[in-house]
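Here's the structure we're looking at; comments come further down.
The values are calculated or read from the model by the stated rules, or taken from the named source; none is laboratory data. Worth saying up front: this structure is predicted, and the values here are computed from it rather than measured. No Cβ is skipped: glycine too gets one built from the backbone with ideal geometry, and neighbour counts run over all protein chains shown. Heavy atoms of the whole protein, side chains included, go into the accessibility calculation; ligands, DNA and RNA do not. Shrake-Rupley method; radii C 1.70, N 1.55, O 1.52, S 1.80 Å.
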Amino acid sequence: MDLVYFILTAAGLTQILIYGTIFDRIRPQKGWFGDLFKCCMCMGFWVGVFLFGINKYTELFTFEYNIANLFILGWLSSLTSYILNMTFGDDGLKTSGG
């Protein structure tokens, strides 16, 4: 269950950081940092790294602290954030038709 909670938390936080209107005034628009806030794969990786870093402060998921887990959870967060972003939108399930 730890991975399910981690994936859902990472995808949710990624969506909020990229699309949440609460961050519109402070979200960078230009440069490398601005690009990061436009890419769910990129932001997803860093969200995964962040969540790995704080996992000792939550009971939702617990992972051993080591460099391998840091990268694996970053990659997992990136992939699942991208897949969920491409699958679901504000109007529900995204379809290829117009």
*With no solvent and one point per C-alpha, what does the Debye sum give as log10 I(q)/I(0) for region 1-40 at q = 0.16, 0.28, 0.29 Å⁻¹?*
-0.45, -0.89, -0.93
*Report Leu70's accessible area, 1.4 Å probe, all protein chains in place, as a number in Å² to the nearest 10.*
40
*Run the quick spin-label model on Lys38 and Thr87: label points 7 Å from Cα toward the beta carbon, then report their separation in nm to one decimal.*
2.7
*Using a 1.4 angstrom probe on the protein heavy atoms only, line up Tyr57, Tyr5 by accessible area, largest first.*
Tyr57, Tyr5
*Sparsely packed trypsin sites (Lys or Arg not before Pro) within region 6-44, loop by DSSP, other Cβ within 10 Å at most 11*: Arg25, Lys30
*Mind listing the Cα extents of region 29-98 along all three principal axes, in Å, largest one first?*
46, 30, 19
*³J(HN,Hα) computed for each position of region 30-39 - Karplus, 6.51 cos²θ - 1.76 cosθ + 1.60, integer Hz, glycine/proline x*: 10, x, 4, 5, x, 5, 4, 7, 10, 10
_Between Gln29 and Ile67, how high is the FRET efficiency from 1/(1 + (r/R0)^6) when r is the Cβ-Cβ distance and R₀ = 30 Å? Nearest 0.05._
0.35
*Read phi for every residue in region 72-77 and hand back ³J(HN,Hα) as whole Hz from Karplus 6.51 cos²θ - 1.76 cosθ + 1.60, θ = phi - 60°, with x for Gly and Pro.*
4, 6, x, 5, 4, 4
*Phi to ³J(HN,Hα) by Karplus 6.51 cos²θ - 1.76 cosθ + 1.60 over region 18-23, Hz, x for Gly, Pro*: 7, 10, x, 5, 4, 9
*Scan around Phe88 for amide H atoms under 5 Å from its own, H built in the peptide plane at 1.01 Å from N, and keep only partners 5 or more places away or cross-chain.*
Lys94
